[in-house]
Amino acid sequence: MRLNILFFTAGVCWLQQQPVLPGAGWAWALAAICLVATGVRAESAWLALAREILVKGACFALGFAWAAWCAQQRLADELPPAWEGRDIAVVGVVAGLPQVSGRGVRFEFDVEQVLTPEARVPRHIVLSWWGSPPRDGRPATFPSLEPGERWRLTVRLKRPRGTANPHGFDYEAWLLERNLRATGYVRARAGSNRMAEMVHRPGYWVERLRSLARARIRSALPDAPYAGVIAALAIGDQRAIPPEQWQTFTRTGVNHLMSISGLHVTMVSGLVFALACGLWRRAPRLVLALPAVKAAVLAALAAALFYAALAGYAVPAQRTVYMLAVIAAALWLGLFESPSVVLCAALLVVVVLDPWAVLAPGFWLSFGAVAVIMYVTAGRIGREHWLASWARVQFAVTLGLIPPLLAMFQQVSIVSPLANAVAIPIVSLVVAPLALLGAVLPVDLVLRASHLVMDGCMVMLDWLAAFPDAVWQQHAPPAWTVIVAIAALAWLLAPRGVPARWLGAFGLLPLFAMAPAAIRAGDVEIVVLDVGQGLSAVVRTARHALLYDAGPAFGPGADSGNRTIVPYLRSIGVKQLDGFIVTHDDDDHWGGAASVLQALPVRWLKTSLPDLDPLVVQAGPALRCEAGQRWEWDGVRFEMLHPARASYDEPAIKDNDRGCVLKIEAPGGRALLPADIERRAESELLARARESLNADVLLAPHHGSRTSSTPDFVQAVGPRLVVFPAGYRNRLGHPHREVVERYRAAGTAIYRTDRDGAVTITMRADGAINVAPFRAVYRRYWQTAIEGDPVPDPLLVTSDE
């Protein structure tokens with residue numbers, strides 16, 4: 001049974017790796033044939049082996065076919081491309097807990113009726129209502145939304161689309177897993193009205209309960225620093241936790257505790273079980289009607305389901321509920337199996353109900369942690385002190401999660417064993433139960449007590465997080481090293497009596513030692529990251545790395561630096577930037593710079609920002625970008641072509657036209673990175689340094705705006721390929737069609753980050769230029785393509801073309 005479930009799960013995982021959604025007919029047919037074949041009597045060992053192989057093949061095919069069928073149903077509910085960006089009147093219900101920020105409110109919306117003729121809208125979407133919250137006595141410019149309210153809204157939508165970068169967060173997969181088939185915003189000026197205060201359905205009741213509990217916590221702890229943690233533990237509102245606190249939890253490895261996790265669900269369920277069992281036994285008539293254990297199991301399962309629902313039913317909570325349901329069923333039927341069977345049964349329920357759960361890191365970490373605990377505890381002979389057992393489990397879980405953590409996040413907390421040893425009992429046994437109880441009872445003292453205990457726990461966590469080496473960070477390990485490491489850990493953590501267990505430690509070495517392929521001397525790699533409507537490019541030579549701009553900021557605590565740039569640099573093994581260029585004073589170019597400076601040491605900064613700009617002050621000594629600056633790294637020459645020194649004395653010059661223009665010249669080709677310069681700066685460059693503009697690779701000036709890429713400039717550069725850094729359906733209309741056609745008419749290969757994701761360009765010393773759009777390398781069936789403009793395949797351009 002266990003192996004069959006694992007093969008079914010493997011089939012589900014294989015479907016989620018497909019570049020296009022295949023028809024599931026062949027998989028259903030294969031599964032049926034295999035299942036029929038399993039009914040043949042095995043009269044020999046070979047026939048028995050063949051039958052087992054067919055059974056496993058049938059399970060794999062069933063998993064693949066089931067996931068494909070579910071994906072077909074979900075993808076069928078889509079927004080037609082023709083209705084992107086158009087006003088659509090809809091009636092629907094606020095389906096989730098609204099999240100208020102400094103710029104507006106974001107909420108999930110169930111569409112009940114589409115009022116615009118011929119328009120077609122997915123049933124479940126996510127909307128933003130932009131405005132400002134109440135401040136200085138002025139009312140908010142957006143309404144106060146509550147789950148379960150029915151609204152008539154005019155919205156503008158777009159199909160699911162996110163940035164696409166190596167080792168980056170797949171926003172489109174996240175939307176698919178949550179069945180959010182379009183995103184958009186409310187057109188407040190087009191008219192909107194609340195049609196009903198409450199739509200009575202069970203799901204909306206739960207969400208309204210979560211909203212009331214959140215309001216209860218906010219009123220009881222209005223200015224408390226860890227009120228967000230209390231809200232996360234009581235109702236699963238993880239967005240209430242500030243980014244700086246998340247950083248502490250991540251550095252100490254206790255971030256799994258700061259939500260309604262499986263551990264908390266189990267703890268609450270256990271408390272309810274003990275209470276229900278004790279009370280039931282005091283009533284003889286009840287005991288005669290139903291044994292106390294069975295009654296307590298039902299109460300514990302109900303409590304677990306209720307508590308998990310408050311969390312939004314995330315994967316860790318789901319897994320726990322399903323495990324408890326399997327245990328409850330086994331106890332009721334008198335068929336209690338081994339712990340591993342319970343875990344596999346829960347796994348089967350999760351992947352059947354949610355085939356996309358396998359895309360979430362929490363799925364692997366939660367099931368992995370439980371599997372490790374079972375591996376080092378179940379079936380062991382002998383009794384040991386509870387403290388020794390606790391220490392052994394903590395040690396095993398810490399070791400066991402190293403491979404997946406490094407594979408998914410490229411970091412692991414070194415202080416995690418100590419932090420979890422202290423935080424788990426405090427948070428799970430005291431803070432979480434008090435938070436849940438305080439959210440229900442009208443007594444502020446309970447919530448304040450919960451916060452007081454959390455405040456004391458944070459003293460220890462802050463102390464541990466302050467250690468410089470609290471977190472081990474490294475490059476993303478190759479997939480085969482992760483598999484070898486997991487097998488080695490199974491050997492290392494095997495029971496006593498297994499010979500030479502210590503040899504398993506050597507199986508971990510490739511995980512740390514196998515560095516990414518090195519760049520050869522004379523080669524240069526330019527990666528134009530997909531940061532939406534903004535610019536950020538990483539330039540690497542054999543032993544040096546330079547960051548050219550840092551993309552936009554997205555909101556409080558979220559920017560291109562901490563969301564895209566730093567994770568990418570960590571994944572490729574860059575621990576220090578030898579240079580950082582912030583081209584000019586536009587927030588779509590410097591929005592993530594502060595996060596980069598905080599995360600990585602930077603040897604020098606060049607910029608055209610004012611001398612007293614906060615970013616320049618944070619960076620310490622910084623140099624102005626000036627034409628004529630030159631340096632050389634590993635056989636690759638760099639030269640600043642613009643701005644001229646005298647331009648800093650002319651206040652009438654626009655910031656765009658004072659952008660830092662960088663020329664890169666390697667033995668195998670030349671690249672020009674011109675920031676956001678416009679016609680004036682282009683004309684100046686043509687007059688002053690025309691002979692230096694010729695390049696094989698060009699980063700389109702100003703994202704492809706009509707105010708840049710003049711015909712003379714395009715002719716002087718003569719690029720073989722151009723990259724437009726732009727956001728999907730951005731409000732500025734970049735890149736402009738006229739500019740794109742101008743490059744196409746010049747015979748230039750065209751790439752754009754909104755269509756292709758991150759674009760990696762490698763100029764080799766032998767004259768070849770490799771171009772790899774990330775969406776061509778990482779293709780998945782759920783990715784939304786730009787209509788009529790497919791992602792190009794990777795390209796190799798040679799010098800003699």
Of the numbered conditions (1) at pLDDT 85 or above; (2) under 30 Å from Pro166 (Cα atoms); (3) surrounded by 19 or more Cβ atoms within 10 Å (Cβ to Cβ), Ile414 satisfies every one except a single condition; which is it? (3)
Restricted to region 547-569 and to residues being part of a strand (DSSP E or B) and open to solvent by less than 10 Å² (accessible area, probe 1.4 Å), the residue nearest to Cys625 (Cα to Cα) is Tyr548
Could you list, in sequence order, all residues of region 137-169 that are farther than 30 Å from Ala776 by Cα and part of a loop (DSSP other than H, G, I, E, B)? Gly137, Pro139, Ala140, Thr141, Phe142, Pro143, Ser144, Leu145, Glu146, Pro147, Gly148, Glu149
Subset of region 186-241 that is open to solvent by 50 Å² or more (accessible area, probe 1.4 Å) and assigned to a loop (DSSP other than H, G, I, E, B) - its residue that is farthest from Asp444 (Cα to Cα): Arg187
Can we say Val372 is in contact with a Leu (Cβ under 6 Å, 6 or more places away or on another chain), open to solvent by less than 40 Å² (accessible area, probe 1.4 Å), modelled with pLDDT of 80 or more and within 29 Å of Trp480 (Cβ to Cβ)? no
Please go through region 543-569 and give me each residue that is among the small types (Gly, Ala, Ser) and either closer than 15 Å to Glu244 by Cβ or at pLDDT below 90 (or both), ordered by number. Gly555, Gly557, Ala558, Gly561
Check Gly620 against each of (1) more than 30 Å from Leu686 (Cβ to Cβ); (2) within 30 Å of the chain's Cα centre (by Cα); (3) small (Gly, Ala, Ser) and name the one condition it does not meet. (2)
Residue among Phe409, Phe395 that alone is open to solvent by 30 Å² or more (accessible area, probe 1.4 Å) and either closer than 25 Å to Leu569 by Cβ or in contact with a His (Cβ under 8 Å, 6 or more places away or on another chain) (or both): Phe409
Under 29 Å from the mean Cα position of the chain (by Cα), modelled with pLDDT of 90 or more and open to solvent by less than 20 Å² (accessible area, probe 1.4 Å): is that true of Ile572 in this structure? no
Residues Ser128, Ser132: which one is in contact (Cβ under 8 Å) with a residue 24 or more places away in the chain, out of contact with any Cys (no Cβ under 6 Å at 6 or more places or on another chain), among the small types (Gly, Ala, Ser) and not in a loop (DSSP other than H, G, I, E, B)? Ser128
What pairs come out if I take residues in region 419-433 that are touching a residue at least 12 places away in the same chain (Cβ under 8 Å) and pair them with residues that are open to solvent by 10 Å² or more (accessible area, probe 1.4 Å) and not in a helix (DSSP H, G or I) whose C-beta lies under 6 Å away, six or more apart or interchain? Ala419/Gly253
Hey, can you tell me all the residues within region 108-125 that are surrounded by fewer than 17 Cβ atoms within 10 Å (Cβ to Cβ), part of a loop (DSSP other than H, G, I, E, B) and not charged (D, E, K, R)? Leu115, Thr116, Pro117
Test set (1) at pLDDT below 80; (2) open to solvent by less than 20 Å² (accessible area, probe 1.4 Å); (3) closer than 19 Å to Ala357 by Cβ - Met323 fails condition number: (2)
Does region 105-125 hold any residues that are over 20 Å from Trp205 (Cα atoms) and in contact (Cβ under 8 Å) with a residue 60 or more places away in the chain, and which are they? Val121, Pro122
Those residues of region 90-107 that are at pLDDT 95 or above and surrounded by fewer than 21 Cβ atoms within 10 Å (Cβ to Cβ) come to a total of 1
Per the filter on region 708-743, residues free of Cβ contacts under 8 Å to residues at least 60 places away in the same chain, of a type outside the set (Gly, Ala, Ser) and closer than 21 Å to Lys663 by Cα are Thr710, Pro711, Asp712, Phe713, Val714, Gln715, Val717, Pro719, Val722, Phe724, Tyr743
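Yes or no, residue by residue, for (1) under 20 Å from Gly532 (Cα atoms); (2) charged (D, E, K, R); (3) open to solvent by 20 Å² or more (accessible area, probe 1.4 Å):
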| site | (1), (2), (3) |
| --- | --- |
| Tyr728 | yes, no, yes |
| Arg731 | yes, yes, yes |
| His736 | yes, no, yes |
| Asp754 | yes, yes, no |
| Ile761 | yes, no, no |
| Ala768 | no, no, no |
| Arg775 | yes, yes, no |
| Arg779 | yes, yes, yes |
| Gly788 | no, no, yes |
Assess whether Ile125 counts as being within 25 Å of Arg239 (Cα to Cα) and β-branched (Val, Ile, Thr). yes
What about Thr541, is it more than 24 Å from the chain's Cα centre (by Cα), among the hydroxyl-bearing types (Ser, Thr, Tyr) and under 23 Å from Ala700 (Cα atoms)? yes
Scanning region 476-524 for residues that are closer than 22 Å to Tyr568 by Cβ, in contact with a helix residue (DSSP H, G or I) (Cβ under 6 Å, 6 or more places away or on another chain), open to solvent by less than 30 Å² (accessible area, probe 1.4 Å) and not polar (S, T, N, Q) gives Ala476, Pro477, Val482, Leu511
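The values are calculated or read from the model by the stated rules, or taken from the named source; none is laboratory data. If you're wondering where the values come from, they're calculated on a predicted model, not measured in any experiment. We place every Cβ from the backbone using ideal geometry, glycine too, and count neighbours over all the protein chains shown. The accessibility values were calculated without ligands, DNA or RNA, using every heavy atom of the protein model including side chains. Shrake-Rupley method; radii C 1.70, N 1.55, O 1.52, S 1.80 Å.
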